[in-house]
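Okay, structure first, notes after.
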């Protein structure tokens, strides 16, 4: 059990009703500790515990998530799962990207001032790192793939995210046209998704969607500076247009899932990634 797993469990227990904390702490620690024996991700289970508490905390109710993990099949009443964790994570990525775009627009007028550097670095994290973490977590939580492949895919997503952050902050200047940069980044994320879920070969053609979207919106992202808008608004709009390739990658992933004859429709997640309903 990693330190991250313990931190997630501690946060879940802290957010639980006081009278249930002791039982949940013992139950969830046992579930996460024994996750590998069931070929499950300990981190996914710990995250599931946290999302269960955050989205289903209601007075006088108790989640059955922990019980269903350690009780023999058939002895616990099956309960429906209602929190689609992966869509929530991807929505978080979109919202974080938009928030980072607005923040970047607000600080652009102060570009070059030493005092703005910490704020710029923080905004760059919101703009790039948070969406990347959300995508990596989504890769970890999908079903239909062994944990090793999902973990490797998540690490690749994080590596691509680090590359994107270094480009955004100016630490790295890629040897490609600026119009292609974000298309390649989002295309790489999409490629990881296709590999982890082993989508059919024809779906690789969908990698062109985020690249084409990046090329098409590039003139808009640069041309907005020629308008009469306030400079901060220009910068915010220019940054926000970079969201289009990301949305194109999401569309491509959805198409790949729905049109693959051997794959379920839409993004699918592990049962342990879904928050259990309250009993």
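The values are calculated or read from the model by the stated rules, or taken from the named source; none is laboratory data. Model, not experiment: these values are computed from the prediction. Reconstructed Cβ throughout: ideal geometry from the backbone, glycine too, with neighbour counts over all protein chains shown.
Might you check whether a residue that is crowded, with 22+ Cβ neighbours inside 10 Å and modelled with pLDDT of 90 or more occurs anywhere in region 163-171?
no
With the structure loaded, tell me whether residue 186 is under 19 Å from the mean Cα position of the chain (by Cα), crowded, with 22+ Cβ neighbours inside 10 Å and either within 21 Å of residue 132 (Cα to Cα) or assigned by TED's automatic domain parsing to the domain that holds residue 134 (or both) or whether it fails that test.
The answer is yes for residue 186.
May I ask you to list the residues in region 127-145 that are surrounded by fewer than 20 Cβ atoms within 10 Å (Cβ to Cβ) and either under 16 Å from residue 163 (Cβ atoms) or modelled with pLDDT of 90 or more (or both)?
Selection gives 129, 130, 133.
Looking for whichever is surrounded by fewer than 13 Cβ atoms within 10 Å (Cβ to Cβ), free of Cβ contacts under 8 Å to residues at least 60 places away in the same chain and under 27 Å from residue 153 (Cβ atoms) here; the options are 214, 205. Which one fits?
On inspection, the qualifying residue turns out to be 205.
Is at least one residue of region 93-101 assigned by TED's automatic domain parsing to the domain that holds residue 145, part of a helix (DSSP H, G or I), over 27 Å from residue 151 (Cβ atoms) and at pLDDT below 80?
Within region 93-101, one or more residues are assigned by TED's automatic domain parsing to the domain that holds residue 145, part of a helix (DSSP H, G or I), over 27 Å from residue 151 (Cβ atoms) and at pLDDT below 80.
Against the conditions (1) on the phi < 0 side of the Ramachandran plot; (2) modelled with pLDDT of 85 or more; (3) surrounded by fewer than 22 Cβ atoms within 10 Å (Cβ to Cβ), where does residue 198 fall short? Just the number, please.
Evaluating residue 198 over (1) on the phi < 0 side of the Ramachandran plot; (2) modelled with pLDDT of 85 or more; (3) surrounded by fewer than 22 Cβ atoms within 10 Å (Cβ to Cβ) leaves (1) as the failure.
Could you grab the pairs with beta carbons closer than 9 Å, sequence gap of 6+ or different chains, first residue in region 39-56 and closer than 15 Å to residue 146 by Cβ and in the same structural domain as residue 147 (by TED's automatic domain parsing), second one at pLDDT below 75 and assigned to a helix (DSSP H, G or I)?
If the second residue must be at pLDDT below 75 and assigned to a helix (DSSP H, G or I), no pairs are left.
Kindly establish whether residue 229 is at pLDDT below 85, outside any helix (DSSP H, G or I) and surrounded by fewer than 14 Cβ atoms within 10 Å (Cβ to Cβ).
It is true that residue 229 is at pLDDT below 85, outside any helix (DSSP H, G or I) and surrounded by fewer than 14 Cβ atoms within 10 Å (Cβ to Cβ).
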